[in-house]
Amino acid sequence: MPQFDTWMQDIRTAARSLRRTPGFSILVIVMMSLGIGVNAMIFTVVQGILFHRLPLPEPERIVQVEAKRPEWEHGEEVSEADFLDLEERSRTIPAMGAYTESMLYLTLGEDPERFQSAFASSGLLDALGVKPLMGRWFTREECTDGNQYTSVVLGYRIWKDRLNGDPQILGKSLRMNGRVRQVVGVLPDGIRFPEVAEAYIPLACTRDDAERNSHYLGLVGRLAPGTTAQQAQAEMRTLGAALAKEHPETNKSKSFEVTQLSEALVRDIRPMMLMLSLAVLFVLVIACANVANLTLARATSRVRELGVRMALGAGRGRVVRQLLTESLLLGLLGGVGGVLVGQWGLQLTLASIPVEFPYWMKFEVDWRVLGVTALIAILSGVLAGLLPALQLSGSDLIAPLREGTAGGGDTPARRRIRNGLVVSEIAIAVLMLVGSGLMVRTFMNLAQQRRGVDPVGVLTGQVTLPVAVYPANEQKIAFFKEFREAVSALPGVRAVGGVANLHLGRSSWTQTVMREGFDEQDTQSPPVVFTNVATPGYHEAVGIPLLRGRTFTAQDDSSSLPVLVINQAAARLLWPGQDALGKRLRYSAQDSVWRTVVGVTGDVRQHVSRTTTEGEITIPHTQRANQTLTWAIRAEGDPGTLATAVRRLLRARDPDLPFYEVRTMEEHLRRALWEERLYAWLLGTFSALALVIAALGIHGVMAYSVAQRTREIGIRMALGAAREEVQRMVVVQAMRLSAIGLGVGLAAAFGLTRF
């Protein structure tokens, strides 16, 4: 096997050559490890999110159906009535299921335990194509009003971990949300749809035309065999037009959009994944350019060695192969280090994420990651070594031997190539720094949205009243009123109030509205605003300023005048140039309740990731009761000390209710921005890494350049040149290259700012 022996000889020669220059070898391996490592880390993340196959049977047939209006950027959830109509009429999606996320309180001991759960329709499991591990799924009879409180289907994890994998669990009763439910089924391991659900409760839907604008249900379906998503979209377009004619008050301009479920899950995160991939690719390009530059600079001291090889009969191809072997060996060693760097970076990144990952995300170093890392290492080695190999082998390496000189390798052409690589590295590093700076500025702008609230000294926590125990609005209103009064009486409490969606969080509601005096029937796009529900004291507790009028009081109950409070943005949107106080609006033409504006507050975003302030209207909880309220408690001193007292008050009123998601308002704001903070941190880290690698490369290139000019510098100093002049000469050369790279990078960054 002469060819194999030749390869092995090249590898041994390359290893000996690299051992003779340990400083160069270590520097190159470190840079390659960093460049390859961050690429391996991000590829692991991208594969786990964008390319991981959903753990469901035939996932390509599962689609998501969303309601869509022209003024909406993306689709929204659907209403109960729309879901029932679509389920009944669709032929391309015969299996269709609806769901909405919820919380479940399982009482096994003294204190109830909270689990993520979901209300689900009878067709959800058929839509997903999943069969229960044990027992059955819900029947249509169980998903009717009044029968939805009898049964529960458990997820695998809650059955295995909390109930010890009881094989006789079917038919047993569990106390959940204050009501006894019978276990009718257990799902297989790994199925936690929609994201991290642990248990499922029957969803009872009603065809209430007045609530067709209440969009809160997720809707998924399984395409009929042989049916494409495009055919399903065409059918949904037809059904949407039919419903718009049948219900013009609520469905005018509303359509329905069909998207592959696998696509819908990642469409919002894909742009950031692509941006991170581009950032780490830039890091790798800089590392490869550095290695090429260092190799080219190092080659000036190897001209005699390579000349001897060619004089002894080695052709240009053999010299190129030998130099590429050295570069490939460095690349593979960098790949080994890259796997370690990628693993460490992945663990550090995942540990910083404060939320549980959806069931379909898997971040693991498998054969694909190792294969891609090996491919990156090989390509990096080739790219980093090809240019120096071709440049060096293309010159006359024998001439220095004939002339008896030791150098001869540092030609003007090679200096131009080295300088061009340095400029490119700096330009890419500057481009990344500008991009990450924009991302950091965006994060800081979002973080500064707390202006309009005063988060210092505020404790937040949620309470959910089970529908089974508190079905009537009067019960919810009475419970939360007594709870608020009890908390208000605690020592040190200055203000307390509850709200459906805590401001600057991740949850929000939107609603189309009709204003008194406007003919909304002729409006193509009726005004859309954020909606909220709050108790008296909420605005004072979180520090939202009141600009005109008043906030809610105890007198705003179900028997008094229906009222609402709006923010400045809503006032400008609904009644531009007018005083909004005293104006009235309602939700739809079928809504008979006109609500009067009694107060205008400052603008505070309801959803933390919104970059603009939208209009928001808030209704008193006593006039539109909600099952779940997040409570804000403003206290003197450390608000965290109140948590135990609040739990004690809640347990005294209902031992099945936990006080959960307890944190200070400042912690709430930090947690709400974890995603933006993570992206800013990653981009900033990659940009700083690119700058460090570029600086190392510049240092290495300048060091080799100075080493090659030792004779020249010695002559200069012998002729009277001062040390400072020599230093200035070297520094000016480096600064000139840096300035050119800075200019090119800033010009490119200016062009890519919009991206």
Amide H contacts of Leu133 (H built 1.01 Å from N, under 5 Å, at least 5 apart or other chain): Val186, Leu187
Set of lysines near Lys254 by C-alpha distance (under 17 Å), chain-local residues within fewer than 8 positions excluded: Lys68, Lys245
Thr596-Arg179 FRET efficiency (beta carbon distance; Förster radius 41 Å; 0.05 resolution): 0.60
Added length on full extension, which subtracts the Cα-Cα distance from 0.36 nm per residue, Val372 to Arg89: 97.2 nm
Surface accessible to a 1.4 Å probe, Thr644 within the full protein complex, Å²: 90 Å²
Phe193 accessible area, assembled protein chains, probe 1.4 Å, Å²: 0 Å²
Solvent-accessible area of His215 with every protein chain in place, 1.4 Å probe, in Å² to the nearest 10: 40 Å²
Relative contact order %, the chain, counting alpha carbon pairs below 8 Å whose residues are six or more apart: 17 percent
Nearby lysines by direct alpha-carbon distance to Lys160 (threshold 21 angstrom, same-chain neighbours under 8 apart not counted): Lys131, Lys172, Lys362
Farthest positive-ward along region 31-92 dipole, Cα basis, beta-carbon charges - from Pro55, Gly75, Val45: Val45
Structure-derived Rg/Rh (Cα atoms, Kirkwood Rh): which label, when the choices are [x] 0.96; [y] 1.07; [z] 1.09: [z]
Residue among Gln168, Asn501, Gln260 farthest towards the positive dipole end of the chain, charges placed on Cβ: Gln260
Relative contact order of region 40-156, defined on C-alpha pairs under 8 angstrom at six or more residues apart (%): 18 percent
Most to least accessible of Arg605, Arg207 (protein chains only, probe 1.4 Å): Arg207, Arg605
Relative contact order computed over region 125-194 (Cα-Cα under 8 Å; 6+ residues apart), in percent: 42 percent
Furthest towards positive pole of dipole, Met236, Ser214, Leu187, structure part region 184-260, Cβ charges: Met236
Kyte-Doolittle mean at least 0.0, axial Cα span of 24 Å or more - DSSP H helices of the chain: 22-49, 270-299, 316-351, 367-393, 412-447, 674-708, 723-752
Where Phe479, Phe357, Phe51, Phe750 fall by accessible area, highest first, once all protein chains stay in place (1.4 Å): Phe750, Phe51, Phe357, Phe479
Fully extended contour minus Cα-Cα distance, from Ser507 to Lys160, at 0.36 nm per residue: 121.8 nm
Potential lengthening between Glu667 and Thr238 on full extension [0.36 nm per residue; Cα-Cα distance subtracted]: 149.7 nm
Alpha-carbon Rg with Dmax, taken over region 130-197, Å: 11.8, 32
Heavy-atom SASA rank of Ser151, Ser558, Ser102 (probe 1.4 Å, accessible area, largest first): Ser558, Ser102, Ser151
Mean-position separation - Cα centroids, region 152-181 and region 215-263, in angstrom: 35 Å
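The values are calculated or read from the model by the stated rules, or taken from the named source; none is laboratory data. These numbers were taken from a predicted model, which means no experiment stands behind them. Virtual Cβ from ideal backbone geometry, glycine too; neighbours counted across all protein chains shown. Just the protein is used for accessible areas: all its heavy atoms, side chains included, with ligands, DNA and RNA removed. Shrake-Rupley method; radii C 1.70, N 1.55, O 1.52, S 1.80 Å.
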